[in-house]
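Accompanying notes for the structure given below.
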Amino acid sequence: MVDNKVITIHEQLHPILGKEIPLIEPYHYVKLSRILSPPKLLAHESGSVGKVLPYIRQKVKMWGVDVLRAENIKTLIDEDDELSDEESMIDESQDLKRNQLSRFDCIASLLASAECTVARDIFRTLSQFPIAFPLVLPELDEAGKFKVMLPSFTGPIIKWETKPGTIIENHLFNDPFQLIVAVRIGKNSSGKSTILNQLMASNSMFSSRSDPRAEYGIPHMISGSIEFTWLTKETCNISLWNDVFENYYKEGTNKIILLANLHGDALDYPNQIQFLKQFPSSFLVFLMSGYTENKLDEFRVQIGSKKVVYGYVSDEKKDKHTINTNHLMYDRTMKKVRMMFKDALDIDNSDTSPFKISEIKLGKSLQFSEDIEFHVSQLLVDYVKEKTCRHIKLNVMQLQRRQQSDDGLQIWKNNSELQVLIQLFKFVLKLPLNKRIQALAHLEREISRLSMIESSKARNQAVMKNEELRKSSLVNRSQKDEKTIQDEIAKIWAEVDDMSLGLEHFFRELGQLYEIFSVNNPSDEIILKLPKLYSELLISGHTIELVNGDTGTMSETWFSAICQHICNEYPNLRIFVISILGLQSSGKSTLLNALFACRFAVSVGRCIRGLFMRLLFLEKDLSDELNIDAFILIDSEGLGASEKMNDPESEKKDRKLTTFAMGISNLTILNVLGESTRDLARLEKAGMAPDILMVQHVSERNITKISEPEEKFREALREALKIANEQDQEMGISNTDCFHILDERIQNGQLLKPFRPFKNGATAYAPPSEQYHEDVVNLYNSIIKDCKNSKNKIEFSKWHTLIQSYWKEVSHENFAVRFKNIKEIYEFIDLGKRITKLKETIDRSFQKHKESIMQEIRSNLLNWSPNDKSNINSVLRNECLKLIDEELKNVPDCNIKCEYEETEEESEFEFEFNINIKCEECEKTNKERIELEEYLRDKNNEKCEMETKQTIENYIKLNRQSVFTTLTQMLEASIIRKGISSESLDIINTHLENILKNMSNEEFPNQQRQQKIDEIWNLLQKHMLSKDDTIPIEEQINKEIEYEYYNSLPRELYHQYIKGNLPDLSNCKAYKIISKAYKTYLNFHFSQYMETKELVILEDKLDNLIDDILKEKAAYYFYHGIIRDLKNRILKICPNYYLPEFKWNVHLYALLMFKPKMISYQEKWDKENTLSILNQKKDEYLKIINIRLQYGHTLVSEGHIVADYLMRVIHKKAMNAGNNERKDAVRNIAWLTCAESIRLKYFENLAEKVQNGEKEDAIQHFLKPKRCIESWFVRTINNNSSGNPEQKYKDTFSAEFKRVVQEIRICQSYEEIKKFVNNYMIQVDNVDYKLDLYGQITENDLKIFRDTIEKELGTKGNNHPPRREPFQKPSDDKSIMERLGCTEACHWCGALCWGSRDHHENSDKTKIHHSSHQPAGLACVHHKYTEELEATPCHNIADNAEMWYFGNNVPIKWSVAKVQDFSDWKFDPHYMHIFNDLMCWFFNKLHEDLAKRRDLKPAPNNDLKKNGCLSLNYNDIISTLKTKIGEINFETIICVIHKLPPFLINYSLLAY
């Protein structure tokens, strides 16, 4: 997805950078690696800067900016301690060949090699430190050209203190500033930069001849470059600050003073001078030896009216106006320079117009660095500025503020401003990825700035009110007054919130629109494109909002759609999730920024509420070491906000966010203690307590001081365990593993990570300390170590699915139990899916080998002899059986050389079988098998591992036996066909010879020839009929039923069987009667008749009996004893509490359902008997007879026959291709990937009908779920119109026809024709022709034979009749039908099982049925006495509830019933909560209708409310459902033309 781009370096910079360096884009910048060791460069090494850049870049990312100090850069070169005598004699010019690594070249290359948003991020970090920055630097790829970095340097906030407690903020280059420009004319041994450095906080602020190693040459990139810094207390030395700038800043202005330093003679760089004079600036001109009045006049012309302060520099003159460079350490000398600065400050400030970068004009040698500002992003900024942030948030972005009952679509249609806003934002999102990232950075910067400006007055009011509250006397303060002030402060902060606008608000609004449009307008580009565009941003390291902390909601549909694209791009993405928790403004986001170069969203200088996530990929070496691909970072914002203190609802939200963040993480970094320790105990019960690292900010690493918070934390853990045991006993928390682990960490010194002060000083803009950087690196290494040791890594696809259900449950008091259930059911289903996936690959492996073996058998059967005098056919049969057995032994492990060769000693002919082709299907199977084994090993559950292994071994064994049986039957059928074909052709040829012998030289007229054809066919039919002694299948069935049932089945019922009268079991008494006494106790509510839902289940079992029996036999045909097997199965189904009369009716029902099915199966099987084969070959034989009657036994006749058979094979191959096209089209349906998505699609269709007032299909489903979904599935896949089988047929027919004609045409001998024809015949089933002419074939004969074939092919190909044979129905394909999965329904609620087909045959735990259980009333389950439908789903039934079922005389506790009678079902809640919501929605819509159908009462309103069946939003549910089933085809590019409304004219995007 991400290209690795490089920058080609101009040859002048090769000595320091080499020929090319990588361009660092956002994806690369945030990619994580091991901590790099400091490189050690050789003293004469070239390309030095390029080699140290990765190390410097990592240090800067982690706020170790001190690496860029000149004295630290020097340490990266491995200098010899002492020079040898020989080296000391080397001429000084040779020093230029030494390694010229310099501070300026490093920082300039760092910025020049970064994409603009990365350069901005780097500068934002660098700007925290008192160093100089390259405002103008050389282009890396072109000599004499310079890059102006102004666009990348705009926006960071610089602070200073005007008086204690008063902080002024200045947005660099956006807010007022004055630039003092230092230039020189002439040259001196100690230059301008050396002088300036004496006034700076660091003597190496600017690159100068005084820098370490400067004696080896100036930096390669310095000439013509401009360095700049700001003049604040942090950058100035104490004298410059006291004498000049302290008083300036005390005035309270927010205008900052900047200092720019041009390297080189000013007159050599006129473009730079013209650039600098466009700023609000004044010039410090240092006149050095070599300057002249002419040069000075030339400079004056260049700068025009700008104020200039001159200073004369010399190392000789000592007058009062000269700066003597030999006396730079003297204060009187430097005072002259300080006065120059003071004089430079005094400029005309009458022009107050804002500075605009866009108005700056650049000379030919200069060009701006790439800007993040785009026309489309600026249009959006202008729109927000015009409307105000407050208006946008409160009046435009209405969707994220709407109530659940509000009509979102109507809000959208009625809000023209929102339409404009979203249209503008969409234009930004549709930019190419690199430009999209830049434009979003522009939006983030500008909208945040607008919010800050707009809310500044309110924020100042809040600060003043806080100060008023703080200053009020504790003695005189009344609670009432205090409450009044607190309320006023809260109100002010609420106003600030109303003006706080950030990118997360746009993200939220798009999420709401996505949910609305996915239901109402699924073709809109919001649905088709935007999730993919946002997924690309997330992959590139962009931050997105996970949970909206303001509303406490997650935009599940929107989030799922984005994550699905990530899963598509990285299907097996392994992740490690890290969350950081801490109070607002506790420095946690700063910590994440330093650890991972993050940019988590903040708004108007305040933290916002919620959870934000970022996806960071790992470098390959680190990925291989940790066995993961990426980290996910979760930042919690706004916890414990001061303005929300004492607000119970706010505290509740904070706790919810904290618990959720910890629950979805592998590692939690804690900056704060609190109730999270209690929740940690509860999370441990759920099996999901994360590892913890605690960050403690301390003033010094004093063991005594550090041990105190550790002990407090340990005490907090003990208290948490005590609370958990005392208050959470209902959850049975007794597992203290996580506490022991944490206690052990404390003892080993691994839990607490002490952090020394962040700031290196007490000033307003003091830089981060080097110690803080060291602590960050230490913490980073601890995180890497934790990740490496973690056993709880997870795949992204699983994680993003689970967290949505976790969020749904986190607010419940028993959330730990709910979390655990969700996790367990997900892992249960996940294991089932993995087993199913492996089974599918096993099926494909056996299918592939089955086809391969069958083709080999067909090839071998070419040697079949009609006159088996030497027992050749028997040997052939045995060899084919051996081939089947030997080949199937290796499946699915066949990727070894399989050779079988039979010698002449064993056979009269040579038979050879050699398969040495790598089987892709078996390779895939073994890969899936290995992945499943690794998955199970990671679970560390030996029992599950063994059971699953047994399931797979059993399945392979079952497949092997089934395919063996099928191939054996196909072999026998082929041999039978060979025999029948041979015998039939013998009869035909005998009659033909008699006819041809007696016919004259003239051909038969058409009528007479047809008579002869009919005559021969009738004789053939008569002969074959005389040999067929098959008893009709219906007669066989009746005979066996009579034998098994005549003396046992009641006579009346036996007569009903004969008449075919199917009994109505619903009208038959089913249960045995109970005693009168107990009947009175039950209030006479007991019924002997079976309830409808139980009856449906029973009938389904009886309907499927024949399939179950024949499946075990692996062949669908009638066999002696099948009725006895059927009878035994029926007896097992009927329990003892059934009445004898009812049991006999069950037998009758089963027999009458069995009979038509068995007849149908047998008819298909009988296609291989004599008469069936003959009828199948009728057209084939009639054509042979006709051709022979026309041409006799000649080569012309044989040529016609060969052509006819070739055309038959072509047609069969084309039909196979058409059939496969139709089946593949079904397989490729997005929702047909598994049983889960099929069910979601099915219920989505039902829900849509119910929403439109069409309830009948849904009602029928809930009454008969198994039958309804199966019939819907068959109907849907057979009616699927995607794919074009007809065109596939035509294309294949055409391609095969051309190939065959070409092959025949190039044959140069009869043997070549014979070889091709016979090999072509075996490529399809049921073609029994073999070309085998006897006698000498002359060259003329060959020509006649080949020309006849070619001519006949041409005739048949050009006049080929339209296809009459229908394509195979997809429902006839076993692999497609298996995707429907298990269709058993829960006895209690009627919910369909979500397992795979035949999963109940597994040996592991996945054999248990599982479902998303639904309100039981959907299956018409009702209260025994009130007859009201039950809204409670199975997973919410209390264990002590009394259950009545199966006609039991007494109720049974639910806890007992689940284990005793329903142990084949799981009754845990499903992980997909949205499906639970859908079922509740169905019940709310249908419970009254269902009650009428069963003469019951609807569910009471309080029951509906209690079980979450009320206030459900159809659009929210369906939009999420559509995303889950992948119905929204994100890959399809649909051109949607949007006509802009009139009100968008002012924001025309013509330029875009």
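The values are calculated or read from the model by the stated rules, or taken from the named source; none is laboratory data. A quick note: this is a predicted structure, and the numbers were derived from the prediction, not measured. Cβ coordinates were reconstructed from backbone atoms using ideal geometry, including for glycine residues, and neighbour counts include every protein chain displayed. Please note that ligands, DNA and RNA were not included when accessible areas were found on the heavy atoms of the full protein model with its side chains. Shrake-Rupley method; radii C 1.70, N 1.55, O 1.52, S 1.80 Å.
Quick check: at a probe of 1.4 Å, how many percent of the accessible area of region 102-169 sits on carbon and sulfur atoms? About 46 percent, which is the carbon plus sulfur part of the accessible surface.
Considering only 1380, 1284, 152, and ranking their Cα positions along the charge dipole of the chain that arises from unit charges at the beta-carbon of Lys, Arg, Asp and Glu, the one farthest toward the positive end is 152.
Please compute, over every Cα-Cα pair in region 1252-1401, the percentage with a separation greater than 26 angstrom. Intermediate values should be presented prior to the final figure.
Details: 6129 of 11175 pairs.
Result: 55 percent of Cα pairs exceed 26 Å.
Using a 1.4 Å probe over the heavy atoms of the protein chains, calculate the carbon and sulfur portion of the accessible area of region 242-325 as a whole percent. The partial results should precede the final answer.
On the way: 1660 of 3700 Å².
The value for region 242-325 is 45 percent carbon and sulfur by accessible area.
If contacts are Cα pairs under 8 angstrom and at least 6 residues apart, what is the relative contact order of the chain in percent? Mind showing how you got there, number by number?
On the way: 2184 pairs, mean separation 123.4, N = 1552.
Worked out over the chain, it gives 8 percent.
Using a cutoff of 8 angstrom between alpha carbon atoms and counting only pairs six or more residues apart, the relative contact order for region 13-85 works out to 36 percent.
Rounded, prolate or oblate: pick one for region 306-364, where a ≥ b ≥ c are the square roots of the eigenvalues of its C-alpha gyration tensor, a/c under 1.5 means rounded, and failing that, prolate if a/b is larger than b/c, else oblate.
Values: a/c = 3.56, a/b = 2.21, b/c = 1.61.
Prolate.
Taken about its Cα centre, the chain carries a charge dipole of roughly 3740 debye when the Cβ of each Lys and Arg holds +1 and the Cβ of each Asp and Glu holds -1.
Can you give me the orientation-averaged projected area of the convex hull built on the Cα atoms of the chain, in nm²? So the mean shadow area of the Cα hull is 81.0 nm². When the Cα positions of 327, 291, 347 are compared along the charge dipole of region 281-356, 327 comes out farthest toward the positive end, with charges on each C-beta of Lys, Arg, Asp and Glu. Quick one: check the C-alpha center-to-center distance for region 754-801 versus region 500-542, whole angstrom. The distance from the Cα centre of region 754-801 to that of region 500-542 comes to 31 Å. Computed in the context of the full set of protein chains, the accessible area of region 1334-1412 at 1.4 Å probe radius has 47% of its extent on carbon or sulfur.
Would you please name the GluC sites (Glu not before Pro) within region 182-287 that are DSSP coil residues with at most 15 other C-beta atoms within 10 Å of their C-beta? The partial results should precede the final answer.
Values: sites: 215, 227, 234, 246, 251; in loops: 234, 251.
Passing both the DSSP loop test and the Cβ count: 251.
Let a ≥ b ≥ c be the square roots of the eigenvalues of the Cα gyration tensor of region 1185-1250; is it rounded (a/c under 1.5), or, if not, prolate (a/b larger than b/c) or oblate?
Working: a/c = 8.49, a/b = 4.65, b/c = 1.83.
In terms of gyration-tensor shape, prolate.
Just the number please: accessible area per residue for the chain, 1.4 Å probe, all protein chains included, in Å². Before the final figure, lay out the partial values.
On the way: 70480 Å² over 1552 residues.
I get 45 Å² per residue for the chain.
When the alpha carbon gyration tensor of region 1193-1316 is reduced to an equivalent ellipsoid, the three semi-axes, largest first, read 51, 13, 11 Å.
How large is the helix-only mean residue ellipticity at 222 nm for the chain, computed as the sum of -39500 (n - 2.57) over DSSP H runs with n ≥ 4, divided by its residue count, in deg cm²/dmol to the nearest 500?
Values: 56 runs with 799 residues, N = 1552.
So the calculated ellipticity at 222 nm is -16500 deg cm²/dmol.
Derived scalar couplings between HN and Hα for region 493-499 equal 5, 5, 5, 4, 4, 5, 9 Hz in order, rounded to whole Hz, by the Karplus curve 6.51 cos²θ - 1.76 cosθ + 1.60 (θ = phi - 60°), x for Gly and Pro. Annotation note: GluC sites (Glu not before Pro) in region 1237-1312 located in DSSP loop regions with a Cβ neighbour count of at most 10 within 10 Å are absent.
At the listed q of 0.11, 0.18 Å⁻¹, the Debye profile of region 316-425, built from one uniform point per Cα, gives log10 I(q)/I(0) equal to -0.69, -1.00.
Remind me, relative contact order of region 363-498 in percent, using alpha carbon pairs under 8 angstrom and six or more residues apart?
On the way: 76 pairs, mean separation 44.2, N = 136.
Worked out over region 363-498, it gives 32 percent.
Highest-first packing order for the peptide set 282-294, 112-124, 1337-1349 is 112-124, 282-294, 1337-1349, based on the mean count of other beta carbon atoms within 10 Å.
Overall form of region 172-280: oblate. Here a/c, set by the Cα gyration tensor axes a ≥ b ≥ c, is 1.5 or more, and a/b is not larger than b/c. Between residue 71 and residue 949, the FRET efficiency from the beta-carbon distance, with R0 = 56 Å, is close to 0.35.
For region 235-250, 3J(HN,Hα) computed residue by residue from phi via the Karplus equation (6.51, -1.76, 1.60; θ = phi - 60°) reads 9, 8, 6, 5, 5, 5, 5, 5, 7, 10, 9, 4, 5, 4, 6, 5 Hz, glycine and proline entered as x.
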